[in-house]
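Student: To start, I am sharing the structure in question, which I have written as structure tokens.
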């Protein structure tokens, strides 16, 4: 365990050094993130400028959902996104034959492909998302109890597990299909997580919950925060997260056998 902590620290230190070498790029990314946050919050404010609730969702609940959406996206951009893109992106290791060097390293291959690249500027999005969540929680007031907060944190962990499993599954597809990276599927569908699943038609709501689990990624944590989450939904989400994680890990290990070494 200590070995992997040291490796992780080395990755983060290298990321800081890289960002320090390209400062202009760092500040451009910060500006882009700031604009995205401003536009997102403004959109929620405009949406509720003339109504108090939409399908039972108040302004504070929708603001909290946007905070969760931003938080999940920030953690993805911080580590998972750049790491998995380096594996299966258009210029990724599998395409270019550099994956040999990853396989030769004395550490878990899945750990390395999941955590080796970091984008430090994404910490700005993490901080802003926490501020938005704090504001939303303060506005919700007495609705939020200690139990609700604990269930909310558990739901966030469930959410990130589902995101990681889906990203790993789609990225691992590069071992089977070296065409357009399948990660675009997730990038397109996750956009619907900006809004509560409850606003969609009944059949589509079921699809976004159990087939394309966007509801578990963004909506369910906010329902936990406001005390509207049922025990069956929580347990179903946890089971789904564990199942997807196991499936993604097994699929990754099986897919490794299809990789043809660049030196062979």
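Student: What are the equivalent ellipsoid semi-axes of region 86-127, built from the alpha-carbon gyration tensor (square roots of five times its eigenvalues), in whole angstrom, biggest first? Each step should come with its number before you reach the end.
Tutor: Details: eigenvalues 111, 39, 8 Å².
With the √(5λ) rule applied to region 86-127, the semi-axes are 24, 14, 6 Å.
Student: How much length is gained on full extension from residue 9 to residue 98, taking 0.36 nm per residue of separation minus their Cα-Cα distance? It would help to have the intermediate numbers written out before the result.
Tutor: Numbers: separation 89, 0.36 × 89 = 32.04 nm, distance 2.27 nm.
Gain on stretching residue 9 to residue 98: 29.8 nm.
Student: PRE reach from residue 17 (point 7 Å along Cα→Cβ): which of region 81-119 fall under 17 Å by backbone N?
Tutor: From region 81-119, the list is 116-119.
Student: Which distance in nm do the two modelled labels at residue 153 and residue 250 give, with both placed 7 Å along the Cα-to-Cβ direction?
Tutor: With each label placed 7 Å out from Cα toward Cβ, I get 3.2 nm.
Student: Restricting things to Cα coordinates, could you compute the convex hull volume per residue of region 120-264 in Å³?
Tutor: Taking the convex hull of the Cα positions in region 120-264, it is 141 Å³ per residue.
Student: Could I ask something else about it? Using 1/(1 + (r/R0)^6) with R0 = 22 angstrom and r between the beta carbons of residue 42 and residue 124, what's the FRET efficiency to the nearest 0.05? Each step should come with its number before you reach the end.
Tutor: Details: r = 18 Å, r/R0 = 0.83.
Approximately 0.75, to the nearest 0.05.
Student: If you stretched the chain out fully between residue 52 and residue 135, how much longer would it get, using 0.36 nm times the residue separation minus the C-alpha to C-alpha distance? Can you show the working numbers first?
Tutor: Working: separation 83, 0.36 × 83 = 29.88 nm, distance 1.75 nm.
The span from residue 52 to residue 135 would gain 28.1 nm if fully extended.
Student: Enter the angle in degrees (range 0 to 90, nearest 10) between the Cα long axis of helix 59-75 and the first principal axis of the Cα atoms of the chain, meaning the one along which they spread out most.
Tutor: Once rounded, one gets 10 degrees.
Student: State, in angstrom, two size descriptors of region 219-264 derived from its alpha carbons: Rg to one decimal place and Dmax to the nearest whole number.
Tutor: 18.0, 57
Student: Let me ask something additional. Can you check how the C-alpha radius of gyration of region 1-108 compares to 2.2 N^0.38 Å, as a plain ratio? Mind dumping the intermediate values first?
Tutor: Working: Rg = 19.6 Å, N = 108, 2.2 N^0.38 = 13.0 Å.
Compared with the compact-globule rule of thumb, region 1-108 sits at 1.50.
Student: Working from Cα positions, state the angle (0 to 90°, nearest 10) between the long axis of helix 2-21 and the longest principal axis of the chain.
Tutor: Computed tilt is about 80 degrees.
Student: Counting alpha carbon pairs within less than 8 Å and at least 6 residues apart, what relative contact order, in whole percent, applies to the chain?
Tutor: Numbers: 281 pairs, mean separation 65.5, N = 264.
Dividing the mean separation by the residue count of the chain yields 25 percent.
Student: Work out, step by step, the length gained on full extension between residue 107 and residue 35: first 0.36 nm times the residue separation, then minus their alpha carbon distance; give nm to one decimal. Intermediate values should be presented prior to the final figure.
Tutor: Details: separation 72, 0.36 × 72 = 25.92 nm, distance 3.88 nm.
Separation in residues times 0.36 nm, less the Cα-Cα distance, equals 22.0 nm.
Student: Roughly how tilted is helix 146-172, in degrees to the nearest 10 and between 0 and 90, from the longest Cα axis of the chain?
Tutor: Helix 146-172 sits roughly 40 degrees off the main axis of the chain.
Student: Next question. What translational diffusion coefficient, to the nearest whole µm²/s, does region 2-256 have by Stokes-Einstein, given a Kirkwood radius computed over alpha-carbon pairs, a temperature of 4 °C and 1.567 mPa s viscosity? Write out the running numbers ahead of the final one.
Tutor: Numbers: Rh = 19.4 Å.
In µm²/s, the coefficient rounds to 67.
Laboratory data are not the source of any read-out in this text; all were calculated from the coordinates shown. These numbers come from a predicted model, not from an experiment. Note that we place each Cβ from the backbone using ideal geometry, even for glycine, and neighbour counts take in every protein chain shown.
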